[in-house]
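Below is one structure, written out as structure tokens; comments come after it.
The values are calculated or read from the model by the stated rules, or taken from the named source; none is laboratory data. Owing to the predicted nature of the structure, the values given are computational and were not obtained by experimental measurement. Every residue, glycine among them, receives a Cβ derived from its backbone with ideal geometry; neighbour counts consider all protein chains shown.
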């Protein structure tokens, strides 16, 4: 602004500051978080009690507000872009803040948010569940979702923070490290052995039916040991769930190839020919590259590592004396 010789004010040309960009809608951020965790619009919509169209529209509105794509389509579902990852972290902050309104007052270093992991049935029940339960006693606002599945590591792990798989994974854009080992052995119930006799050689073992995974549905190469070691054993009851293997073996369906840490808990099961059948397999943990930057995920990872180490003797099947010789006395 300048002043004329007559004292009149003259407004000079100037560039006015642009209006600030509108802030994203917090509800839209939470919808994005739901899509990121499930990898699918329809699943997220069901969980939020919305329809697919509404979820799609709100994601589009959020992308417009933030000025870029938040999700990219992959074979396994929708995956966060770099911008989407930053938005999802902001959404976790919104989620945590909302959770505090309905929970107890936040304590120093209190962990909040949701961590989703996938793992095999046995690991989920015997390692992950107790590890997470102990962690939640210190951080009651933390939520952990455990998806039980036996498969190879996913190339696109949209919606998962942590994967526990059997065998070394071949993955891209992920961090992977060996978590520990566990042992598989041949087991039969005492009643079964009383009825059908106790095999003392591999040749005698092959005359009995096998309880194990469904061969045509087994996606983990490291778990094919029975087909390799005793290919002539005929199938009895097959299942994709290892708890079914244990219970079918206890019920006398045949000889089960079972995780020692699960079978050794049942005194009615006897381990057979341990010198011939002691398949040692590794558990691996797979993480998205940015996962450990999230305090809640890092805490769950640490809890799983500690619990796996503490449970090592059970995982490796070091049973009490007299439990490995096939005796049914």
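Table for the structure above
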quantity: Condition check for residue 195: at pLDDT 95 or above and either under 30 Å from the mean Cα position of the chain (by Cα) or assigned by TED's automatic domain parsing to the domain that holds residue 242 (or both); calculated: yes
quantity: Condition broken by residue 108, with the remaining ones in (1) surrounded by fewer than 19 Cβ atoms within 10 Å (Cβ to Cβ); (2) at pLDDT below 70; (3) closer than 26 Å to residue 314 by Cβ satisfied; calculated: (3)
quantity: Members of region 43-86 that are surrounded by fewer than 17 Cβ atoms within 10 Å (Cβ to Cβ) and touching a strand residue (DSSP E or B) at 6+ places or on another chain (Cβ under 7 Å); calculated: 72, 81
quantity: Region 213-230, residues that are touching a helix residue (DSSP H, G or I) at 6+ places or on another chain (Cβ under 9 Å) and outside any helix (DSSP H, G or I); calculated: 213, 218, 224, 230
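Conditions (1) closer than 19 Å to residue 224 by Cα; (2) in contact with a strand residue (DSSP E or B) (Cβ under 7 Å, 6 or more places away or on another chain); (3) surrounded by fewer than 20 Cβ atoms within 10 Å (Cβ to Cβ); (4) at pLDDT 95 or above, marked per residue:
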position: 269; (1), (2), (3), (4): no, yes, no, yes
position: 272; (1), (2), (3), (4): yes, yes, no, yes
position: 275; (1), (2), (3), (4): yes, no, yes, no
position: 278; (1), (2), (3), (4): yes, yes, yes, no
position: 302; (1), (2), (3), (4): no, no, yes, yes
position: 318; (1), (2), (3), (4): no, no, yes, no
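Residues checked against (1) in a loop (DSSP other than H, G, I, E, B); (2) surrounded by 12 or more Cβ atoms within 10 Å (Cβ to Cβ):
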| site | (1), (2) |
| --- | --- |
| 180 | no, yes |
| 188 | no, yes |
| 192 | no, yes |
| 203 | no, no |
| 211 | no, yes |
| 232 | yes, no |
